[in-house]
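Q: Could you have a look at this structure, given as structure tokens, before my questions?
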Amino acid sequence: MLINTLFENPQSFLIVVMAIVYALTIHEFSHALAATYLGDNTAKYNGRLNLNPLSHLDFFGTIMLLFAGFGWGKPVPVNTHNLRWRRWGDAAVSMAGPLSNFISGVLFILVYHALLGVLPWDNMVFTFLFYLIFINFILGIFNLIPIPPLDGSHVLFAILPDRLADFKQKLSINGPWILLVLIVLDNFLGISIFGRIFDFFVNIILNFL
């Protein structure tokens with residue numbers, strides 16, 4: 001659990017929390033920005049079109065992150081009826097979150113390499129950059145999983161034909177429970193489903209550091 005790090009290594013705890021806050025904030029802000037650009041001002045009117053972390057962090061999602069190892073940000077309200085391209089507009093808004101995390105991860109990799117040889121290798125800046133890179137990529141990858149309410153499900157629904165409307169409705173209802181079961185299996189029963197996916201991508205990321 002992340003909260004244990006607070007007592008074992010407060011400095012590392014602060015670094016990880018700051019990286020998580022950044023990743024969640026840029027992710028949710030990007031949803032709001034994309035929705036506004038595509039014609040829906042719901043997020044803007046609800047005070048989500050800003051980079052203030054307090055606007056995007058969910059209280060219970062943050063508590064769960066600290067004590068259970070997984071959590072979530074505050075969902076950005078979007079009225080898909082206001083979006084240009086409707087279905088594909090919704091997919092574009094959903095993809096904006098993970099895309100912002102991937103772009104952030106790449107930029108932080110560039111900063112990491114720019115500072116090599118400038119700062120001592122054991123400088124805490126490198127630790128912070130590592131977690132910024134790691135958490136942004138993991139958050140982006142996780143949200144691409146096509147299970148509601150994750151962003152990937154909106155892309156899946158945009159691709160699926162209208163004749164599968166019943167399937168989409170059932171998946172929308174049951175998706176959160178499916179996701180919860182997978183998280184429980186992954187975190188508490190040692191059946192590493194997400195872990196294997198993340199390990200694959202983490203090894204790729206490490207090759208760039």
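Q: Can you tell me which residue among Ile178, Ile135 is within 26 Å of Val17 (Cα to Cα) and either surrounded by 14 or more Cβ atoms within 10 Å (Cβ to Cβ) or at pLDDT below 95 (or both)? I'd like the intermediate steps shown before the answer.
A: Working: Ile178 fails: within 26 Å of Val17 (Cα to Cα).
It is Ile135.
Q: I've got another one for you. Give the residues of the stretch 113-134 that are without any contact (Cβ under 8 Å) to a residue 40 or more places away in the chain and among the polar types (S, T, N, Q), sorted by residue number.
A: The one that is without any contact (Cβ under 8 Å) to a residue 40 or more places away in the chain and among the polar types (S, T, N, Q): Asn123.
Q: Hey, among the residues in the stretch 33-83 that are small (Gly, Ala, Ser) and touching a strand residue (DSSP E or B) at 6+ places or on another chain (Cβ under 7 Å), which one's surrounded by the fewest Cβ atoms within 10 Å (Cβ to Cβ)?
A: Our first condition is that a residue be small (Gly, Ala, Ser); within the stretch 33-83, this holds for 34-35, 39, 43, 47, 55, 61, 68-69, 71, 73.
Then keep just the ones that are touching a strand residue (DSSP E or B) at 6+ places or on another chain (Cβ under 7 Å); that gives 61, 73.
Values: Gly61: 15, Gly73: 24.
Top of the filtered list is Gly61.
Q: Do the conditions hold for Phe201, that is, is it under 22 Å from Met95 (Cα atoms), in contact with a helix residue (DSSP H, G or I) (Cβ under 6 Å, 6 or more places away or on another chain), surrounded by fewer than 19 Cβ atoms within 10 Å (Cβ to Cβ) and not aliphatic (A, V, I, L, M)?
A: Numbers: under 22 Å from Met95 (Cα atoms): yes; in contact with a helix residue (DSSP H, G or I) (Cβ under 6 Å, 6 or more places away or on another chain): yes; surrounded by fewer than 19 Cβ atoms within 10 Å (Cβ to Cβ): yes; not aliphatic (A, V, I, L, M): yes.
Answer is yes for this residue.
Q: Continuing with this model, one more query. Those residues that are assigned to a helix (DSSP H, G or I), over 18 Å from Ser104 (Cβ atoms) and of a type in the set (D, E, K, R), I need them from the stretch 1-55; list them, please.
A: Correct list: Glu8, Lys44.
Q: Out of the helices (runs of 4 or more DSSP H) lying entirely within the stretch 83-180, which hold 3 or more residues that are under 12 Å from the mean Cα position of the chain (by Cα)? It would help to see each step written out before you state the result.
A: Working: elements: 87-115, 124-143, 151-159.
Output list reads 87-115, 124-143.
Q: Quick test of your reading of the structure: Ile193 fulfils all but one of (1) surrounded by fewer than 17 Cβ atoms within 10 Å (Cβ to Cβ); (2) within 23 Å of Val78 (Cα to Cα). Name the failing condition by number.
A: Failing condition for Ile193: (2).
The values are calculated or read from the model by the stated rules, or taken from the named source; none is laboratory data. Note that the structure is a prediction, hence the values are computed from the model and not measured. Glycine also receives a Cβ, built like all others from the backbone with ideal geometry; neighbour counts cover every protein chain displayed.
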